[in-house]
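Contents: one structure, followed by commentary.
Each value in this text was obtained by applying a stated rule to the coordinates, not by laboratory testing. Quick caveat, the model's predicted, so the values are computed rather than measured. Backbone-built Cβ (ideal geometry, glycine too); neighbour counts: all protein chains shown.
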Amino acid sequence: MPAPRHHPPAAGSRSLLPAIAVVAVALAVAMALLLTRGDDAPAPPARATTTTAGSPSAGRAPARRPATVAARRARERAAWPRRGAVARRTRVPILMYHLIAAAPAGTPYPELWVPAARFREQVDALAAAGFTAVTLSEAWDAWHGDGRLPRHPVVLSFDDGSLSQVMAAGPALRRHGWPGVLNLTLDHLNAKGMPRWGARRLLREGWEIDSHTLTHPDLTTLGPDALREELAGSRRRLRERLGVETRFLCYPAGRNDATVRAAAKAAGYVAATTVQPGIAGRGDDPFLLPRIRVEPGTTGAALVRMARGEASAPPPGAAGATAAG
Ligand SMILES: [Zn+2]
């Protein structure tokens with residue numbers, strides 16, 4: 001991967017804002033959280049709440065950016081036009097990505113690699129077509145609670161965990177103020193896969209992190225104890241290592257059956273994403289949410305058609321795709 005492995009976390013975080021600015025940010029967060037009536041969002045708002053609860057002098061630099069991002073997001077959510085019954089029946093395309101980099105020669109699954117320039121083209125095309133990225137949590141809260149949605153919502157999900165998602169996907173989404181959804185395999189949370197500072201950076205930028213199990217097994221092959229450990233254990237590990245409370249699971253390679261789905265529910269998840277093509281909605285089995293596979297050959301215009309439901313995504317199993325992911 002071309003990206004540097006040892007990029008310093010939170011560059012420029014040493015400088016301090018005047019205390020008055022910190023107080024202003026904390027107040028803005030508090031007001032925004034009130035406006036969204038406790039809208040259940042992932043880690044960044046939780047961190048913001050912590051900042052708000054502390055004294056102004058506790059608003060040290062590392063907590064400043066998440067508070068700002070969370071406050072901005074809360075203001076955006078409050079202005080989204082789809083609400084109530086309209087939000088509940090809004091279908092949301094969930095895009096599926098893996099690595100955001102050029103495929104190395106001879107890699108077994110080249111379709112999992114979307115080069116950074118192609119990814120930017122796709123994201124810019126979605127934005128130009130009027131789409132707004134949301135997290136799975138935001139979609140879920142609109143379908144099942146009182147959350148709002150933008151006019152044309154889309155979820156961009158990234159599986160497994162790799163530095164390319166921090167170095168290439170992150171900046172491309174940041175240009176639009178968009179969050180991504182990282183489906184993290186806990187075994188990838190290390191310097192060779194997704195470094196912990198990278199996961200934290202994504203959280204600071206408003207990303208959601210969901211479970212993609214501990215070790216990425218075919219869940220349908222596991223006995224009950226191993227299944228429970230992969231599902232409940234990964235949720236626990238996300239909490240312990242990143243402070244993330246996730247409600248969502250992504251089945252490795254989409255592999256699931258009735259036993260796996262029941263175990264996911266027992267482990268505390270409310271929904272799970274698959275590799276079955278389609279546009280997700282409230283009417284779907286929540287443990288069988290479809291996604292749209294995005295490949296390196298997918299142009300921005302083609303992706304817009306797929307997200308609108310005007311063109312079908314590549315079927316699962318195309319070019320061996322089901323074996324990976
Ligand atoms: Zn995977």
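Extension gain THR259-ASN190, at 0.36 nm per residue separation less the Cα-Cα distance, in nm? Could the numbers behind the result be given before it?
On the way: separation 69, 0.36 × 69 = 24.84 nm, distance 3.03 nm.
Extra length available between THR259 and ASN190 comes to 21.8 nm.
Extension gain for ALA103 to ARG83 (0.36 nm times residue separation, less C-alpha to C-alpha distance): 3.1 nm.
Listing TYR97, TYR269 from fewest to most neighbouring C-beta atoms within 10 Å gives TYR269, TYR97.
In loop segments of region 156-253 as defined by DSSP, the trypsin sites (Lys or Arg not before Pro) with at most 14 further C-beta atoms inside 10 Å of their C-beta are ARG175, LYS192. Here's the picture: a label point sits 7 Å out from the Cα of ALA128 along the beta-carbon direction, and within region 158-186 the residues with their amide nitrogen under 16 Å of it are 176.
Provide the packing ranking of 211-219, 74-82, 176-184, i.e. peptides ordered by the mean count of other C-beta atoms within 10 Å per residue, highest first.
Details: 211-219: 20.8, 74-82: 15.7, 176-184: 24.3.
Result, highest mean Cβ count within 10 Å first: 176-184, 211-219, 74-82.
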